[in-house]
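Note sheet for the following structure.
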Amino acid sequence: MSGPAGAARQDFTPAPGAAPLGRQIRAQAAMESKLLLRNGEQLLLAVVIPVLALVGGVLAARKLGLDWDEKPVDVLTPGVLALAVMSTSFTSLAIATGFERRYGLLKRLGASPLPRFGLLAGKVIALLGVQVLQGIVIVTVAAILGWRLDGGFAGVAIGVAAALLGTAAFGGLGLALAGALRAEATLAVANLVYLLLMMGGGVVLPRDTYGATGSAVIQFLPSAALGDAMRDGFIDGALNPVAFAVLGVWAVVAGAIASRSFKWE
Amino acid sequence: MPAPPYVVPDGPAVEIDGLVMRYGEKVAVDGLSFTVERGTITSVLGPNGAGKTTTLEVCEGFRRPQSGSVRVLGLDPTRQRRELLPRIGVMLQSGGAWSGVRAVEMLRHIASLHADPLPIDLLVDRLGLDQCGRTPYRRLSGGQQQRLGLAMAIVGRPELVFVDEPTAGMDPAVRRTTWALLEELKADGVTIVLTTHHMDEAERLSDLVHVIDHGRLVASGTPFELTRARDQATIRLVVTEPFPQGAPDKLRVALGDSTEVTEINEQSLLITGPADGSTLAKVSAWCEEHDVLPESLTLGQRTLEDVFLQVTGREFEA
């Protein structure tokens, strides 16, 4: 334990100071990503479920002979990308943050030189990194299933913008949830909300699947707004102003709630 | 270029003045005042629920004082928190890592947030963290989590370290290593504030002990002053059967004002005062008079436990 006699004695002379903020954020983002990817359940949520939704949805649509204006894979791929954004920025983030508080990690970082902004920046970079990986996997599978990107370059730009805004909105909601509930309750609620939105929230399937009333009701959900924005972008290369506005409002409101309710402990 | 030698700066490391903290109806800290000088080890000693952790959390900037004032390294811990945090090290009472992180990985991460951290390897070796291997944090033993907590508190080369119950859950060998480490830190100019409910820890390590109970300061001094104050020694009397009604009061009268008699329980007493022949003679005369058969009569110095018993009127329950 204390080493052999005469072993080098550590010099503990004080030399305090914070690392440059950029270095702190890089370190924080690297740890967050590493731990996200190390966690099996998170990977299931991030990659396996969206891919299953895509493959299953395409096969089911072929079997049932669903009549959409576009090929099933063209309709479903933007929705599955939206689902992937939601799973990482909402469910994974909420659960991870809940357990970070539970294990005192947030409190420990709260006593370190890392400022709150650095913590948040680290989380956002890690989220975006995971989302890029998700995107690569999903786009690869979609391409194998015959996906054609009709929206062109403008569509990709709109899709990426929608994903970023969606990340802000769902990330704020995830942090607010983790700030309000205990870790176990956060885990349960985050997973439940994810499942409900996946099935009934207009994210994977276009809103008109839910009938006229359903469609009108759910268009104000962040899930439907993200799905709509991604579909209009990737399929038509069009910017859906209502969907972007809905996402923007959610992002501002959720961000405000999260920053008010955030606690290190 | 070698760094200039570290000069311990002037001014107290911690100044707490009239601190009051309440949680709803419950008063956790009740007008607490004390000072910690730089380059010392100061223990805040008290039973669970005495307000030790709350006091530390105010010093670390986690909580704003509801009343009174707190300065740490001359700074306001809540308003100047960003300036303060890089200069202090904090060991939480429990937890403090990602549930799935490995010990050395976590230590390296905390080090990377500091400008000029200690080399990780020596610290890992010293605290036996290499034994934790690839085990995730949530599956480490309590003692291993404590050792990691201590390493994280000192890795940033702080001026001042707050350690909350540092040796809870550690086995005796690791406790001694920890104590030696804290003494080396002090020798190099680091100020250490530790909370503990272990009397032996406070007595062995501290330059100054502040005893708190129910959020109030009940005694302060060096362990020597506290235990050997005013030529006082202790006589501990244990008898075979419960004392007869009113007997301790009679002993109090018999011994006079220079001696204090504290009932530990119905079969033992603590007598504090000059342990001379006359005191002993009076105690044996009293035993004879009340038909009390001593089982043991021990003469010795007061311990911090006795001090606590005397100032609070009850036994120290850790």
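Miscellaneous remarks
- Test: residue in region B:193-207 that is open to solvent by less than 20 Å² (accessible area, probe 1.4 Å), within 14 Å of chain A (Cβ to nearest Cβ) and modelled with pLDDT of 85 or more: yes
- Residues being within 14 Å of chain B (Cβ to nearest Cβ), in contact with a Leu (Cβ under 8 Å, 6 or more places away or on another chain) and either of a type outside the set (Gly, Ala, Ser) or surrounded by fewer than 22 Cβ atoms within 10 Å (Cβ to Cβ) (or both) - total across region A:119-152: 2
- Only listed residue being free of Cβ contacts under 8 Å to residues at least 60 places away in the same chain and β-branched (Val, Ile, Thr), chosen from B:261, B:190: B:261
- Whichever residue in region B:79-118 is more than 12 Å from chain A (Cβ to nearest Cβ) and assigned to a loop (DSSP other than H, G, I, E, B) and, among such residues, is surrounded by the fewest Cβ atoms within 10 Å (Cβ to Cβ): B:79
- Any chance residue A:99 is touching a Ser or Thr at 6+ places or on another chain (Cβ under 7 Å), surrounded by fewer than 24 Cβ atoms within 10 Å (Cβ to Cβ) and either farther than 23 Å from residue A:177 by Cβ or within 14 Å of chain B (Cβ to nearest Cβ) (or both): yes
- Residue within region B:53-75 that is farther than 16 Å from residue B:151 by Cβ, in contact with a Leu (Cβ under 9 Å, 6 or more places away or on another chain) and without any contact (Cβ under 8 Å) to a residue 24 or more places away in the chain present: yes
Every residue, every condition in (1) at pLDDT 95 or above; (2) closer than 30 Å to residue A:151 by Cβ, yes or no:
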{"position": "A:81", "(1), (2)": "yes, yes"}
{"position": "A:86", "(1), (2)": "yes, yes"}
{"position": "A:99", "(1), (2)": "no, no"}
{"position": "A:105", "(1), (2)": "yes, no"}
{"position": "A:123", "(1), (2)": "no, yes"}
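- If the condition is being free of Cβ contacts under 8 Å to residues at least 12 places away in the same chain and aliphatic (A, V, I, L, M), then region B:230-258 contributes only B:253.
- Cβ-Cβ under 9 Å pairs, at least 6 apart or on other chains, region B:278-289 side among the charged types (D, E, K, R) and open to solvent by 50 Å² or more (accessible area, probe 1.4 Å), far side outside any helix (DSSP H, G or I) and modelled with pLDDT under 85: B:282/B:256; B:282/B:259
The values are calculated or read from the model by the stated rules, or taken from the named source; none is laboratory data. Nothing here was measured: the structure is a model prediction, and the numbers come from that model. FYI the Cβ positions are ideal-geometry reconstructions off the backbone, even for glycines, and counts take in every protein chain you see. Accessible surface areas use protein heavy atoms only, side chains included; no ligands, DNA or RNA. Shrake-Rupley method; radii C 1.70, N 1.55, O 1.52, S 1.80 Å.
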